[in-house]
1. FRET efficiency for residue 165 and residue 69, Cβ-Cβ distance as r, R0 = 51 Å, nearest 0.05?
2. Can you pull the one-decimal nm distance between simple spin-label points at residue 11 and residue 36, each 7 Å off the Cα toward Cβ?
3. What is the extension gain from residue 84 to residue 135, computed as 0.36 nm multiplied by their sequence separation minus the C-alpha to C-alpha distance, in nm to one decimal?
4. State the extension gain, in nm to one decimal, for the chain segment bounded by residue 158 and residue 245, taking 0.36 nm per residue of separation less the distance between their alpha-carbons.
5. Taking neighbour counts of Cβ atoms within 10 Å as a proxy for exposure, in what order, fewest first, do 179, 5 appear?
6. Find how many whole Å separate the alpha carbon centroid of the stretch 191-248 from the alpha carbon centroid of the stretch 77-110.
7. Please rank 16, 33, 161, fewest neighbouring Cβ atoms within 10 Å first, as an exposure proxy.
8. Please rank 85, 35, fewest neighbouring Cβ atoms within 10 Å first, as an exposure proxy.
């Protein structure tokens, strides 16, 4: 029997129903909710013809999710196992790679935001070192709005070696550093590209920084000196999307 997990919130459950409807076993809904949003979810569940629905009290929903905000909807689903083999993931790509490399991102909210953005931008994989990194947990899943089920999160033992292997495969590694002169708009990311983000406190480690082909900054025109890693990742990834969809 496959293992199960609890999924909370409309976005995450709807993504499961759209992408893996057969994995949704049971959905619990707040018995007091009668609004359009809950009705839309019920229509999606009924059209799948698979999941069972149980109206329950708020205490039951809270007991299922703990401290995770559930919006009155909770689902019990089969675990989805994404490939953790980076070479296999990249071999299946039909276009230049777009990768997000996170060096030292330990906050689950930031990881969830990065996964959500990465999925929206069409990233093939998010890569992080096995140590000094957040793992996928309920908080990450909720913040990612279900993207953790779709975009592979590959945790590697040796990030520096992985970066060398990516360069051997023709991936251009672009690191972000607020102290350098060149901006994100100065580099071509239409070819296979890996955007490298460091931790908010310490930035990239030395070996990670030295592995980058380019170091660039995000222009900051106000008094704020930095952005959190989720926002910075979004800006960089969508510069690649802009270049690839507009011919630069």
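Bear in mind these aren't lab numbers, they're just calculated from the coordinates by the rules spelled out. Quick caveat: nothing in here was measured; it's all calculated off a predicted structure. Using ideal geometry, Cβ is built from the backbone for each residue, glycine included, and neighbour counts are taken over all protein chains shown.
1. Numbers: r = 39 Å, r/R0 = 0.77.
The pair residue 165/residue 69 has a calculated efficiency of 0.85.
2. 2.0
3. Working: separation 51, 0.36 × 51 = 18.36 nm, distance 1.32 nm.
Here the answer is 17.0 nm.
4. Gain on stretching residue 158 to residue 245: 28.0 nm.
5. Working: 179 7, 5 14.
Going from sparsest to densest Cβ surroundings: 179, 5.
6. Answer, in whole Å: 17.
7. 161, 33, 16
8. Details: 85 12, 35 9.
Listing 85, 35 from fewest to most nearby Cβ atoms yields 35, 85.
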